[in-house]
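Note sheet for the following structure.
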Amino acid sequence: MLGKQPIAFKVGLFILLIILLVGVFAPILAPCDPYQMGTPYLRPSAQHLLGTNDLGQDIFSELLYGTRISLIIGLVSALAVTVAGVCIGMLSGYLGGWWDRALMEVTAVAQAIPSLPVTIVLAAFLSPSLWNIIIAICITAWSGTARIIRSRVLQLKELPFVKIEQTMGASHGYIMARHILPNLFDIVFVRGVLAVGNAMLTEASLSFLGLGVIGQKSWGGILHYAFFRSGIINGYWWWYLPPILCISLSVLGFLLLSYGGQQQLGRRN
Amino acid sequence: MAKRTLLGRLGESVLIVFCIVTLNFFLIRFMPGDPVLHIIGEEEYYNLEVHAPQVIEEIRGEYGLNQSLGRQYLTYLGKTARLDFGNSYRTKAPVLETVLFRMKWTLFLAIPATVIAAFLGGALGLWAGWKPGGRFDLAATPCFLLISTVPTNCLAILFLICFAFQLGWFPISGITSGGLTGFAKGLDILHHMALPLAVLVLYKTSSNYMLMKSTVSLIRQEDYVSTAISKGLSQGKVLSRHVLKNALCPYLTSICMQFGGMLAGSMMTEIVFSWKGMGTLIYDAVNAKDFPMLQTCFLLISICVVAFNLIADLLCLAVDPRVREGMNHVG
């Protein structure tokens, strides 16, 4: 099955698989405890592959552990955003009428609210726990997916097989779950994958601003300390460069995966 | 004709701003602890509690905090309508003054960036879209794609390290070195501006390029373009008369929205280069938990976005007669 996929899809999948494995096995792979303090500002050596930070914590281990929080926030947010977007888009498109107008009005409002500022405001007000960060990321991110799902459902519900089901007296819920939803799989996949990348980017920005989950290592957080604790002035490339590479690489991975998925979509239609 | 839809859009814009004001109101009210604490800040609150508890009561009265939630909300709306956003926790100065001052510097950076990127991205996108698969397209598209995968703050940091620290071509941070006047000061500001401007232009150009390229490559396949070419129109004329005219509407809409996102769009870049604009203001407000400042920034950013979305619709209406006629149907 994988052999027929576009090359972008395979490369993306490969990158993400590695990141996922690193995240899952971080405690085994990490040579040190990333919270263990020691001598600060060590250069890379055999003992500390990427040196140590301002508190003397091993940067390589920080990076491995950081994969976890970035991935968890990315995946959970994307799941929430996609489920919300699909539900709202489907209800709005399928039921039409009053439902459609009300839901689309809400979507328009969510789409017009600038997303990064609202996320920052929420993250600043709420206590910075994992769930609050996820809520802050998700609050407006679902609107794009809802729009796209709605327009697809509008096309789908005019197709003969849906009309036949309707005349046969199938309930709305049954038609939506059994016939509309399976036909949305492609779009849901593409949008869902993009959502993971976007959520990880937002999380990296938040923790770069110092609004990340308290007491947890994340890539944006490492970059935050590298930047604000004079890692850059001193030219400690082993401190600031790895998190930049990790964030960019994973975003690239998700982008390639969704791009590949989209190509597949285009080919089939 | 299109008046009804326009009124609808106007109503929607008002609704959005209203939602944001409401969100701001509830954020303060539903946070744990005394709301007065969040209005004047922790330090001031504990100070007043010991030395002048009656002042706290006065503030409570001013914001109507003893009354029902509905009354409090009305008081808040009134204050917002009078542009009274309270004082900063940190500087004790009225928030609005500080925000407007910082906004000036953000605009000073963002307006040139948006304008330059609009022309640059549009021109390059037109070129690549007109000859898809050509040498330029193959060279430029992967570059711009790559840029868009690197987060803004990361690219800004890389620029800072490369051009300011390693090569020493540009100053490291800030807006001006100080102690200069007149022409020299202007030059100095431009020198400080070069790197953040370059980062912003790069990002905006790459997104403009992608949009223009995909629009033009779609239009290129249209029958009227083949007709124009086959009836012997020069390439320049086909481009300006037929392609550009049709590609302009989505492009202008997108540029207009970029203007709307200007106030917050350069935040990461500003923070990395310590450009004292709204982005750094937000960063400082976040770290000092300066809520009135943060909320005012948020409100102004949103108003800017909403206003330019509306302008984008109007612009599209003015440029494209099809939209003018069809708005009632599409609505």
| request: Could you sort A:28-36, B:213-221 so that the peptide with the highest average Cβ count within 10 Å comes first and the rest follow in order? | output: B:213-221, A:28-36
| said: With 10 angstrom as the radius, rank B:Glu44, A:Glu203 by how many other C-beta atoms surround their C-beta, starting from the fewest. | reply: B:Glu44, A:Glu203
| request: At 7 Å along the Cα-to-beta-carbon direction for both B:Ile229 and B:Leu158, put a label point, then send me their distance in nm to one decimal. | output: 3.6
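For B:Asn287 and A:Leu159, what is the calculated FRET efficiency with R₀ set at 56 Å and r taken between the beta-carbons, to the nearest 0.05?
Between B:Asn287 and A:Leu159 the formula returns 0.55.
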| query | GNM, chain B, Cα, under 10 Å: largest mean-square fluctuation among B:Lys104, B:Lys289, B:Lys185? | reply | B:Lys185
| note | A student asked for the Cα radius of gyration and Dmax of the protein assembly as shown in angstrom ought to give 26.0, 87
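First measure r as the distance between the Cβ atoms of A:Leu245 and A:Val83, then evaluate 1/(1 + (r/R0)^6) with R0 = 22 Å and state the FRET efficiency to the nearest 0.05.
Computed FRET efficiency for A:Leu245 and A:Val83 comes out at 0.10.
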| query | Hey, can you list the DSSP H helices of chain A whose Cα span along the axis is 24 Å or longer and whose average Kyte-Doolittle score is at least 1.0? | reply | A:7-24, A:59-95, A:185-208
| What aspartates and glutamates could a cross-link reach from B:Lys131, if we take a straight Cα to Cα line under 20 Å and drop same-chain neighbours fewer than 8 places away? | B:Glu222, B:Asp223
| message | Once you compute Rg and the Kirkwood Rh from C-alpha atoms, what is the Rg to Rh ratio for segment A:118-269? | response | 1.15
| note | Counted neighbours (other Cβ, 10 Å), sorted fewest up, put B:Thr106, B:Thr176, B:Thr22, B:Thr269 in the order B:Thr22, B:Thr176, B:Thr106, B:Thr269
| request: Hydropathy first: keep DSSP H helices in chain B averaging at least 1.0 on Kyte-Doolittle, then drop any whose Cα extent along the axis falls short of 24 Å, and list what survives. | output: B:3-29, B:95-130, B:291-319
| query | Who wins for biggest fluctuation among B:Asn47, B:Asn208, B:Asn24 in a Gaussian network model of chain B, springs between alpha carbons below 10 Å? | reply | B:Asn47
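In terms of the ratio Rg/(2.2 N^0.38 Å) built on C-alpha atoms, what value belongs to chain B?
Expressed relative to 2.2 N^0.38 Å, the Cα Rg reads 1.24.
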| field | Candidates B:Tyr89, B:Tyr224, B:Tyr63: whichever shows maximal mean-square fluctuation once chain B is modelled as a Gaussian network with Cα springs under 10 Å | value | B:Tyr224
| Expected 222 nm ellipticity per residue - DSSP helices of 4 or more, -39500 (n - 2.57), all of chain A, to 500 | -23500 deg cm²/dmol
| request: At q = 0.16, 0.24, 0.25 Å⁻¹, work out log10 I(q)/I(0) for segment B:256-305 with the Debye formula, treating every Cα as an identical point scatterer and leaving solvent out; two decimals please. | output: -0.42, -0.86, -0.91
| task | Would you kindly state how much longer the chain becomes between A:Leu55 and A:Phe185 on full extension, computed as 0.36 nm times their sequence separation minus their alpha carbon distance, in nm to one decimal? | result | 42.1 nm
| message | Per q in 0.09, 0.11, 0.15, 0.16 Å⁻¹, report the Debye log10 I(q)/I(0) for chain A, using one uniform scatterer on each alpha carbon and no solvent. | response | -0.50, -0.70, -1.08, -1.17
| field | Greater than 22 Å apart at Cα, pairs in A:Lys217/B:Lys276; A:Lys217/B:Lys204; B:Lys104/B:Lys204 | value | A:Lys217/B:Lys276; A:Lys217/B:Lys204
| query | In nm, to one decimal, how far is the B:Arg71 label point from the A:His172 one, both placed 7 Å along Cα→Cβ? | reply | 4.2
| request: Kindly state, to the nearest 0.05, the FRET efficiency for A:Tyr41 paired with B:Phe183, given R0 = 45 Å and r defined as their beta-carbon distance. | output: 0.55
| said: Can you compute the modelled spin-label distance between A:Leu13 and A:Glu105, with each label point 7 Å from Cα toward Cβ, in nm? | reply: 4.5
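Every read-out reported here was derived from the displayed coordinates using simple, explicitly stated rules and does not represent laboratory data. Remember, it's a predicted structure, so these values are computed and weren't measured experimentally. A quick note on method: Cβ atoms are made from the backbone with ideal geometry, for glycine too, and the neighbour counts reach across all protein chains shown.
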